[in-house]
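What follows is a set of notes on a single structure, which appears directly below.
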Amino acid sequence: GGGGGGSLRGVTAETQRRRMLGELVIKCADTSNVFKPLPAARAWAVRITEEFFRQGDLERSLGMSVTPVCDRRTASRVGLQRGFAAFIAPLHCGLAALLPGLAPIATRLAETRAMWDACDPDRGLDDEAQATLASGALG
């Protein structure tokens, strides 16, 4: 846990607190796509799941065991997003509790989770994924 490494000997508690808060902000920024406005969240979901699925395709083609979240034959784009949102929600809500100016995160979280819950886990995002792939947006 925590980045940077190194010794904290001689570092004040306030400096440690600020460093930890900075690391938390960076982690939340890195995992924030799922909480963007709904159209953007869906677009990012297509991108990340396609990246995962391409990794799984490569693993399969090399005769390797396919990483479960990367297996397009068994993983659901919607299911992956539901699981990811549930996993990172405490982190984002914790940050919002520490920094009240980020309170809208909790509202966005509820909206986004409701969107994923309403999606068909077997078909959700398929049309968007096909359109994105056909456009060449993913390379």
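Just so you know, all these numbers are worked out from the coordinates, no wet-lab data involved. Predicted model only: the values in this text are computed from it and were never measured. Reconstructed Cβ throughout: ideal geometry from the backbone, glycine too, with neighbour counts over all protein chains shown.
General observations
- One chain, two ends: residue 61 and residue 122. Fully extended at 0.36 nm per residue, the span grows by 19.5 nm beyond their Cα-Cα distance.
- Using θ = phi - 60° in the Karplus curve 6.51 cos²θ - 1.76 cosθ + 1.60, the 3J(HN,Hα) couplings for segment 25-33 round to 4, 5, 4, 5, 4, 5, 10, 8, 4 Hz; x is entered for Gly and Pro.
- Segments 111-117, 35-41 sorted - mean Cβ within 10 Å per residue, highest first: 111-117, 35-41
- Amide H contacts of residue 66 (H built 1.01 Å from N, under 5 Å, at least 5 apart or other chain): none
- Hydrodynamic radius by Kirkwood, which averages 1/r over all alpha carbon pairs of segment 33-119, in angstrom: 14.0
- Here the relative contact order of segment 33-119, from alpha carbon pairs under 8 Å that lie six or more residues apart, stands at 29 percent.
- Among the trypsin sites (Lys or Arg not before Pro) found in segment 16-101, those both in a DSSP coil and sparsely packed, with 12 or fewer other Cβ atoms within 10 Å of their Cβ, are 73.
- Treating each Cα of segment 16-60 as an identical point scatterer and summing with the Debye formula, the log10 of I(q)/I(0) at q = 0.15, 0.20 Å⁻¹ comes to -0.56, -0.72.
- Treating r as the C-beta distance of residue 11 and residue 98 and R0 as 22 Å, the FRET efficiency rounds to 0.65.
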